[in-house]
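Here's the structure we're looking at; comments come further down.
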Amino acid sequence: MDHAADAHRTDLMTITRFVLNEQTKHPESRGDFSILLSHIVLGCKFVCTAVNKAGLAKLLGLAGETNVQAKDQKKLDVLSNEVFIKALVSSGRTCILVSEEDEEATFVEPANRGKYCVVFDPLDGSSNIDCGVSIGTIFGIYMIKDGHEPTLDDVLQPGMNMLAAGYCMYGSSCTLVLSTGSGVNGFTLDPSLGEFILTHPDIKIPKKGKIYSVNEGNAKNWDGPTSKYVQSCKYPTDGSSPKSLRYIGSMVADVHRTLLYGGIFLYPGDKKSPNGKLRVLYEVFPMSFLMEQAGGQAFTGKQRALDLVPEKIHERSPIFLGSYDDVEEIKKLYAAEEQN
């Protein structure tokens, strides 16, 4: 046994240590936020294990069939939703939960109530499970204003009011990317320790990227600015090299690559879906929050994404996010269209 190497492994910056270190910067803190984050992390670990077993369970004829106790095996996205609802309610720190899987918001009963609202997509891209493509959990956290009964208005706030946002990607490794409003940090799950270790400190997105990411199958329904922008990616007129197209079709994976390598991710509105497909509260806002914290931009085609005020919990919006200069280019195209 290599004792020196094992000793070194205890000197790692785990996500628990990281959050507690952040907490010490706020002397007034009672630790509620840290407790909430630890419950979200626990949910992510649970879902990671379930995702890794999913293919095997199907192979063994379990998923979708009846098990020994005569209980139906839960579909993974339904299971993930239950895992996060239970983890968040049992933290005793939440009052309203909005999940992509539930039509209505969940109001936590008064005995278990805290001051935080959590919006989340428990398993984004779950249609990709069967082909082994990366999928993930996306979440954002708001705080309610003190001293009143929680209402939906506490959640229908602009994204700039979020306290924290993040996602956990279940892929070749399990990666959790988190921002609490002062930069973005990435953690990777070490399965032998069962701990998330800080592997990507202070992520900064490159100012300009060489990749664009969009579903070109929708091109015939795009508006003018989107079509012009994608055309300029493929056939640049300034003598620069064309951008590479990379589109996975799982938002967490596409945004993760954009964050690390730079470039732009687009999900525009089109003739079929004028408001795009992505939901404002638990897809557009958390990813836009992370992009801005990492030095990038996020734009809806009309305004800064985080300034949007949602009217319904499952509202959708077009989104263009990524490297600062790349998003600036698409903003200019929309501004020119508006002038015309």
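What is segment 223-290 by shape, rounded, prolate or oblate, if you read a ≥ b ≥ c off the alpha carbon gyration tensor as root eigenvalues and call it rounded for a/c under 1.5, prolate for a/b larger than b/c, and oblate otherwise?
Since a/c reaches 1.5 but b/c is at least a/b, the shape of segment 223-290 is classed as oblate.
Shape call for the chain from the C-alpha gyration tensor, a ≥ b ≥ c root eigenvalues: rounded (a/c under 1.5), prolate (a/b greater than b/c) or oblate? Taking the square roots of the gyration eigenvalues as a ≥ b ≥ c, the chain is rounded. Accessible surface for Glu101 stands near 70 Å², nearest 10, in the context of the full protein assembly shown (1.4 Å probe). Accessible area per residue (1.4 Å probe, heavy atoms of protein chains only) ranks Val184, Val89 as Val89, Val184, with the largest value leading.
The figure for Val19 is an accessible area of roughly 20 square angstrom, using a 1.4 Å probe on the protein chains alone. Taking only protein heavy atoms and a 1.4 Å probe, the accessible area of the chain is 53% carbon and sulfur.
For an R0 of 35 angstrom, estimate the FRET efficiency from the Cβ-Cβ distance between Thr106 and Thr16 and round to the nearest 0.05. The computed FRET efficiency comes out at 0.85. Hydrophobic, long helices, defined as DSSP H runs whose alpha-carbon span along the helix axis is 20 Å or greater and whose mean Kyte-Doolittle value is at least 0.0, occur in the chain at 32-59, 76-90. Rolling a 1.4 Å probe over the protein heavy atoms leaves Met169 with an accessible area of roughly 20 Å². Kindly state, to the nearest 0.05, the FRET efficiency for Lys145 paired with Glu338, given R0 = 45 Å and r defined as their beta-carbon distance. Step by step, r from the Cβ atoms, then E = 0.80. Averaged over its residues, the chain has an accessible area of 49 Å² per residue, based on protein heavy atoms and a 1.4 Å probe. At an R0 of 22 angstrom, the distance between the Cβ atoms of Asp130 and Val78 translates into a FRET efficiency of 0.85. Sorted largest first by accessible area at a 1.4 angstrom probe radius, with every protein chain in place, the residues Ser317, Ser126 fall in the order Ser126, Ser317. Note on exposure: Met287, Met160 ranked by accessible area (1.4 Å probe, complete protein assembly) read Met160, Met287, with the most exposed listed first.
The values are calculated or read from the model by the stated rules, or taken from the named source; none is laboratory data. Computed from a predicted structure; not experimentally measured. Cβ sites come from the backbone with ideal geometry, for glycine too, and all protein chains shown count toward neighbours. Side chains are part of the model used for accessible areas, which takes the heavy atoms of the whole protein and leaves out ligands, DNA and RNA. Shrake-Rupley method; radii C 1.70, N 1.55, O 1.52, S 1.80 Å.
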